[in-house]
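Trainee: This structure is in structure tokens; I'll ask about it shortly.
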Amino acid sequence: MSNKLLYMAVCACIATSSLLPACKKDSWGKNNVTTITAAIQSAPDNNVSVALDTLSNAVVSFEWQPAKTGNFTPVYYKVVFDKESGDFAHPLYTGVPLSLGSALKLAVSHKDLNKIAVMAAIPVAGKGKLKWKVIASNGVVDDPGGAGRLIEIQRQ
């Protein structure tokens, strides 16, 4: 009986001592300093006009050059849309590119652009402008993407 009790006590000491390093406080997340450059928007051109065809499968491709980070971490993107007079504080629509946001383009269907135009109060069979920009982030720091570009929408 005493051997069994001694064996259990030794096992308990080994188990407890193996867990002690896990209780040590870690300071991994406190010194994450990095930088990020802006993604440069390349398509569509500023002030381009698009006549929407909501009955087709047509898309508009929003493209940009990659942003760069100071510590070479991966960059993730989102494309935000707002009214022409908007400041992107409360965007009308946010699109995330393929590959969990790491792709360098976002294809937005004419149907979705029509929905965004409705949110921007562009009338049916009317023209109006939307503002769009790319926001780059590596999870630590965001680049707000500047003033953005305009796209003119002609609704049906």
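No value in this document is a laboratory result; all are computed from the given coordinates. Bear in mind that the values here come from a model prediction, so they are computed numbers and not experimental data. Cβ: placed from backbone, ideal geometry, glycine included. Neighbour counts: every protein chain shown.
Trainee: How many nm is it between the label spots at ALA103 and MET119, if each spot is 7 Å from the Cα in line with the beta carbon?
Mentor: 1.9
Trainee: Let me ask something else. With everything on Cα atoms, drop me the angle between helix 2-19 and the longest principal axis of the chain, reported from 0 to 90° to the nearest 10.
Mentor: 30
Trainee: Would you please give the FRET efficiency between ALA58 and ALA147, computed as 1/(1 + (r/R0)^6) with r the Cβ-Cβ distance and R0 = 22 Å, to the nearest 0.05? Before the final figure, lay out the partial values.
Mentor: Details: r = 27 Å, r/R0 = 1.24.
The computed FRET efficiency comes out at 0.20.
Trainee: For the chain, what is the relative contact order in percent, using Cα pairs closer than 8 Å and at least 6 residues apart in sequence? Don't skip to the end; give the middle numbers.
Mentor: On the way: 288 pairs, mean separation 44.5, N = 156.
It rounds to 29 percent for the chain.
Trainee: Same structure, new question: Which angle between 0 and 90 degrees, to the nearest 10, do you get for helix 110-119 versus the longest principal axis of the chain when only C-alpha atoms count?
Mentor: 90
Trainee: Computed from these coordinates, which is volume of the Cα convex hull per residue in Å³: [x] 183; [y] 102; [z] 201?
Mentor: It is the one labelled [x].
Trainee: While we're on this one: Roughly speaking, what is the stretch gain from LYS129 to ASN46, that is 0.36 nm per residue apart minus the C-alpha to C-alpha distance, in nm to one decimal? Could the numbers behind the result be given before it?
Mentor: Details: separation 83, 0.36 × 83 = 29.88 nm, distance 1.08 nm.
Taking LYS129 through ASN46 to full extension adds about 28.8 nm, to one decimal.
Trainee: For the chain, build the charge dipole from Cβ charges (+1 Lys, Arg; -1 Asp, Glu) around the Cα centre, then report which of ILE151, VAL48, SER2 sits farthest towards its positive end.
Mentor: SER2
Trainee: Assuming R0 = 30 Å, can you tell me the calculated FRET efficiency for the pair GLN154 and ALA89, based on Cβ-Cβ distance, to the nearest 0.05? Walk me through the numbers on the way to the answer.
Mentor: Numbers: r = 27 Å, r/R0 = 0.90.
Once the sixth-power term is evaluated, E becomes 0.65.
Trainee: Still on this model: Charges only on Cβ, +1 for Lys and Arg, -1 for Asp and Glu: so what's the dipole of the chain about the Cα centre, in debye to the nearest 20? Before the final figure, lay out each step's value.
Mentor: On the way: 16 positive and 11 negative charges, 82 e Å.
Computed charge dipole of the chain: roughly 400 debye.
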